[in-house]
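Q: Take this structure, written in C-alpha cells, and hold onto it; I'll ask about it next.
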Amino acid sequence: MNDKRKVYRFLRYIALCFVTVLLFILGTVNIAAEGEEETVPGEYGDFIDSLDPSVTDKLPDSAFSSDPEEIEKAAKLLSDPQSVLSMMLSLLGDGIKNIIPTLVIILGVVILASLVTLIASNCGGLSRSVEICIRLCTFCSISGVATYCVESLSVYFERLFAAMTSFVPLSAALFAMGGNLNAAVTNSASLGTVLAVCEFFFTKTAIPLFSVCLCLSLLSVFDGIGSVTGGSISARIRKWYMTALSFLTLIMTFAIAGSNLLASKADNLAMRGMKFAVSSFVPVSGGTLSSTLGTLAASVEVLRGSVGVIGIAALLFLLLPTVIELALLRGVFAICGFCASVLGCSGESKLLGELDSLYGFLEGLAALSAAVFVIALGIFSCVATPFS
C-alpha cells in the first residue's frame, strides 16, 4: 500500500514540475509580448522580397510592415472588390493599348493576302503556290507574337514558383506560432512536393508541348495529309494533356487538404490533452492558461488569415496580366479570322482559328497553375489553431 502511495506521489511531482515549467514558458512569452511590439516572423519579409516588383508595386504600403495590425489593414484593402475591379480595368486598358499594333499588323497581312490571292487566281497553275506562300507569310508575321507570349508565360511560371517557394517557410513559422506543430511539418512537406511536381509539368513539359502544337498548327496552311490535319492532331494532344494535368491537380489539391486537416486534428487532440492535464492538477492556473491560449489563438488566426489574403492577392497580381494578355491576343485572332473569312481567305481564317485555340491552351495552363496554390493558401488561412 505504501508503494502505491509513493508511486502516486512521484507521478504527482512529475506532473507538477511539467505544469510549472509550461506555465513559466507561457508566462515568459506573455510578458515579452506585452513588453514589446508584436511582430510577424522574419520569413514574411523574405516572402515579400521574393515577389516581383510588378507585384509589390500593386500592394498597399501597410503590407510591408512588420506590425500585424498593419498587415490586417493591407489584407482588408486587397480583399475589397472595388479595388480588385479597378486594378483589373487598369490592366485591361494597358493590355488593349499594347495589343492594338498586333491587331493592325495581322489585319494588314490578312487584307494583303486577300488582294494577292485575288490577283493570283488569274495566274493559272501558280495560284496554289502563291496561296501557300501567303499563308506561310501570315504565319511568320504571327511567330514573333507567339515567341513573346511563350517567354512571358515562362517568366510568369518562374515568378510564381519563386514566390511559393519562399512561402513554404513562412507557412511553417505561422503554423508553429499557433501551436500547429504537426501541420507545420506536414504542410511544408506536402507544399514542397506539390511545388516540385508543378514546376516539372508546367515548365519542363507544358512549354515544349506548346511548341510542338504550334508546329502542328503550321500544317493547317496546307489542306492536310490524308484525312488527318495538323490542327486536329494538335487539338487531341492538348485535350489529353489538359485532362491528365487536371486530374493531377485534383490529386495534389486533395493531398494538401487531407494532410492539413489530419495534422490540425492531431494538434488539436494533443493540445486538448495538455489543457485537461493542466486543469486537473492546477485548476485555477489551468483556467487562466485556457483563456490566455484562446487569446493567442485568435491573434495568430487573424495574422495567418491576413498573410493568406496577401499571398492570394500576390498570385492574382502575377496571373492577371498574363491571362489578360492571352485573352486579348485570342480576341485579335478571332477578329482577324472573321475578317479573313469575310474576305474569302479560308486558309488564313483556319490558321488564325487554330492559333486562337492554341493560345486558349496557354491561358488554361496559367490559370490552372495559379488555382492550385490559391487553394493551398486558402486551406492555410482556414486551418484552426489547437489553442482555440
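Q: Starting from the Cα of residue 97, step 7 Å along the direction of its Cβ; do the same at residue 56; then give the gap between the two resulting points in nm.
A: It is 2.4 nm.
Q: Just add up the charged neighbours of residue 191: K/R +1, D/E -1, any other residue whose Cβ is under 14 Å from the Cβ of residue 191.
A: -2
Q: Taking Cα pairs under 8 Å and at least six residues apart, what relative contact order does segment 157-211 come out at, in percent?
A: Once normalised by length, the contact order is 38 percent.
Q: Using a 7 Å offset from the Cα along the Cα-to-Cβ direction at both residue 265 and residue 137, what is the distance between the two label points in nm, to one decimal?
A: Label at residue 265, label at residue 137, 6.8 nm between them.
Q: Calculated FRET efficiency, residue 341 and residue 115, Cβ-Cβ r, R0 22 Å, to nearest 0.05?
A: E between residue 341 and residue 115, to the nearest 0.05, is 0.85.
Q: What is the percent carbon and sulfur in the accessible area of segment 304-343, measuring with a 1.4 Å probe over the protein chains and ignoring ligands?
A: 80
Q: What's the local net charge at residue 169, with K and R +1, D and E -1, over the other residues with C-beta under 9 Å away? Spell out each step's value before the answer.
A: On the way: positive: none; negative: 43, 46.
Local net charge: -2.
Q: Could you check the spin-label model distance between residue 88 and residue 105? Points 7 Å from the Cα along Cα→Cβ, value in nm.
A: 2.9
Q: How much FRET efficiency would the formula 1/(1 + (r/R0)^6) give for residue 242 and residue 162, where r is the Cβ-Cβ distance and R0 is 22 Å, rounded to 0.05?
A: According to the calculation, E is roughly 0.35.
Q: Once fully extended, how much extra length lies between residue 233 and residue 327, figured as 0.36 nm per residue of separation less the alpha-carbon to alpha-carbon distance?
A: Computed gain between residue 233 and residue 327 is 31.5 nm.
Q: Provide the gained length on full extension for the span residue 197 to residue 80, in nm with one decimal, where the gain is 0.36 nm per separating residue minus the Cα-Cα distance.
A: Going from the current span to full extension adds 38.8 nm.
Q: Using the alpha-carbon centroid of each, what span in Å lies between segment 132-205 and segment 306-332?
A: 13
The values are calculated or read from the model by the stated rules, or taken from the named source; none is laboratory data. It should be emphasised that the depicted structure is a prediction, and the values quoted were computed from it without experimental measurement. Ideal geometry is used to build each Cβ from the backbone, glycine not excepted, and the neighbour counts take in all protein chains shown. Ligands, DNA and RNA are excluded from the accessible area calculation, which covers all protein heavy atoms including side chains. Shrake-Rupley method; radii C 1.70, N 1.55, O 1.52, S 1.80 Å.
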